[in-house]
1. Which pairs do you get when a residue that is closer than 18 Å to A41 by Cβ and not assigned by TED's automatic domain parsing to the domain that holds L370, found in the range 414-434, comes within reach of a residue that is buried (at least 17 other Cβ atoms within 10 Å of the Cβ) and of a type in the set (G, A, S), reach meaning Cβ atoms under 6 angstrom, with the pair 6+ apart or on two chains?
2. Scan the range 387-397 residue by residue and report those that are assigned to a loop (DSSP other than H, G, I, E, B) and either touching an Asp or Glu at 6+ places or on another chain (Cβ under 8 Å) or within 15 Å of I247 (Cα to Cα) (or both).
3. Of the conditions (1) assigned by TED's automatic domain parsing to the domain that holds I60; (2) in a loop (DSSP other than H, G, I, E, B); (3) among the hydroxyl-bearing types (S, T, Y), T194 satisfies every one except a single condition; which number is it?
4. So which residues in the range 298-318 are over 28 Å from the mean Cα position of the chain (by Cα) and either hydroxyl-bearing (S, T, Y) or in a loop (DSSP other than H, G, I, E, B) (or both), if there are any at all?
5. Need a quick list: helices (runs of 4 or more DSSP H) entirely within the range 1-114 having at least 3 residues that are more than 22 Å from S165 (Cβ to Cβ) and modelled with pLDDT under 95.
6. Return the pair list, or none, for Cβ contacts closer than 6 Å from residues in the range 114-134 that are in the same structural domain as G184 (by TED's automatic domain parsing) and closer than 20 Å to V49 by Cβ to residues that are part of a strand (DSSP E or B) and among the charged types (D, E, K, R), at least 6 apart or on different chains.
7. For the range 327-354: of the residues being assigned to a loop (DSSP other than H, G, I, E, B) and either without any contact (Cβ under 8 Å) to a residue 12 or more places away in the chain or at positive phi (or both), which is surrounded by the fewest Cβ atoms within 10 Å (Cβ to Cβ)?
Amino acid sequence: MTYEEFLKGKELKTIEAGFDIDRDEICPMAFEFQKDIIQWACKKGKSAVLIGCGCGKTMIALSWSEFVHNHTGGDVLIISPLSVVEQTKRESEKFNLMPVNICRTQEDVKPGINITNYEMAEHFDHEHFIAVVLDEASILKSFTSKTTVNFIQWFNRTPYKLLLSATLAPNTYLEYGNSAEFLGIMSRTEMLATYFVHDGGRTSEWRLKKAAKKAFWEWLATWAVYFENPNELDYQIDGFDLPSLNIHTIITKSEVKEDELVVIAAETLEERRTARKESMEDRTDKVLELINKEPNEQWLCWVDYNDESSMLRKKIKGCVEVKGSDDPDFKAKASIDFANKDIRYLVSKPSIFGFGSNWQSCHKMIFCGLSDSMERFYQSVRRCWRFGQERNVDVYIIMSEREINILNNIKKKEAQLEEMQRQMTALMKEVTLSEIRHTTRITTTYNPQIEMELPKWA
C-alpha cells in the first residue's frame, strides 16, 4: 500500500442507506440531470439537493418520494412553506406522478405521499413516516433555534430523508452541519472538530481549516448535490439560461437633522427602524408612481412592516394584500391566483411568499425598503427571476438616504455568496459528477496483482 492509498483510506465517506431504481421508470419528462439526481438520491437514502431556482427540485422530490413509497410501502411526509403546498400538489398532476395528499394533522394522512406546511409539522406522529422531505430546508440554518432542534429530534429515526434548498446564507458553513446532523450523516459537533477551527478569540465563530478546505467540499459532495445551473456540471441543456436581471435603486431624500451638516446614514438597528418609518410615505409614493407608469404589467411588491403593507393597500387600487395574520387558505389561494395572473398587484412580505413560490408570470418587482437579510432578498428575487422566466426581470429597490448602509450590507453579502458559489462549484464538481452519474462513492479501486497463498500450517 502506498502512502497516498493510506491517506485515501482515511477519507470520510457517506454510507449509502438507500436502494437501486430502474432508470427507465423515472418520469419521462425529467431532464437527464434530474434523472441522475433522482437515481443518486434513492441510492443514498439520505441526501440534500441544493440546486438553482427553477431546476426542478419539486419534481425531483416527488419522484424520490414515489420511489421510496413503492419500495417500502411506507408513507412519506413533505414539509414545505405554506405558499408551496398547493403548488406541489399541482406539480404532481402536471408530471403524472403519484397523487399528493394535503394534510394539516395526523388524522388527515393517507397512504402514499402527504404534504403539510412548516407551521403544522408539530401536529403529526413523526415516527409514522418512512420518509420525510424538507422543502426550503434553510429553516435548519440556526442550530440554536427551537425549530432546528425539533426537526432533528422528530425525524431522528426516519429511514429516508431528503433536503431541498436553492441557496444558503453567505459563508454560513454551519448550516451544512445542521443539515448533516438532520440527515444522520455526521453530527454538527463532529463536523466542526474535523474541518473547522475557532476564529481567533471569537469562540462562537468558526472558519474552515486551510488544509481541510478541499476535503470538506468533497465530503459535502458525497451527500449533497450543488449547482446553480446544470450546465456547470457539463450537462448541455437548452432553456437553462436566465434572462437579464436589472436592479434599479431609487433613493428618496432624507431631512438633515439639527445636529447634522449632511444626512448621516443610520447605523444601529433602532436608527434604521426610525429612518424607515420616517421615509414610509415617500417610499410608498414611489411604488405607486412606478406601477402607474406600467399599470397593465403584473407587479410584486415586497414589504417588511405591516404599516407599509397597509399604506400600499390604500394607495394601489385593485391590489391584493397578504398579511401574516391572514387565513392559510387565503394565502394559498393568493399564491396560486398570482401565478395564474388572476391577481395583477400583490403586496406581501418575504417571510410569507419569499421562499418556494414559482411566479415566472411576473417580471416586475419592487422592494419598498430592505432588511439586512441577504437570503430573503435573494430568495424573493428568485420567485420571478428563475429558469422558465421568458422576459427580463426588473427589480426596484426603494429606500431613503439614511438607509444606504443596508443596501451596502446586502451588496457585500451578495459578493460573498457569489464567491462561495464559485468555490463550491469548482471544488465539488469532480466528486458530484462521479456521484450522480455513477451513483457510487469515490474510493480507491482494489486491483490485486498477486495471488494470495495460505501458509502451510493453515
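The values are calculated or read from the model by the stated rules, or taken from the named source; none is laboratory data. This is a predicted model, so every value here is computed, not measured. A quick note on method: Cβ atoms are made from the backbone with ideal geometry, for glycine too, and the neighbour counts reach across all protein chains shown.
1. Note: pairs meeting the criteria are M428/A221; V431/A221; T432/A221.
2. Of everything in the range 387-397, those that are assigned to a loop (DSSP other than H, G, I, E, B) and either touching an Asp or Glu at 6+ places or on another chain (Cβ under 8 Å) or within 15 Å of I247 (Cα to Cα) (or both) turn out to be R391, N392.
3. (2)
4. Once the filter is applied, which keeps residues that are over 28 Å from the mean Cα position of the chain (by Cα) and either hydroxyl-bearing (S, T, Y) or in a loop (DSSP other than H, G, I, E, B) (or both), the range 298-318 yields S310, I316, K317, G318.
5. Details: elements: 3-9, 32-44, 57-72, 82-94.
Here the list reads 3-9.
6. V132/K161
7. D327
Let's see how each residue does on (1) among the small types (G, A, S); (2) touching a strand residue (DSSP E or B) at 6+ places or on another chain (Cβ under 9 Å); (3) surrounded by fewer than 20 Cβ atoms within 10 Å (Cβ to Cβ):
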{"site": "C362", "(1), (2), (3)": "no, yes, no"}
{"site": "C368", "(1), (2), (3)": "no, yes, no"}
{"site": "F377", "(1), (2), (3)": "no, yes, no"}
{"site": "C384", "(1), (2), (3)": "no, yes, no"}
{"site": "N405", "(1), (2), (3)": "no, no, yes"}
{"site": "N408", "(1), (2), (3)": "no, no, yes"}
{"site": "A415", "(1), (2), (3)": "yes, no, yes"}
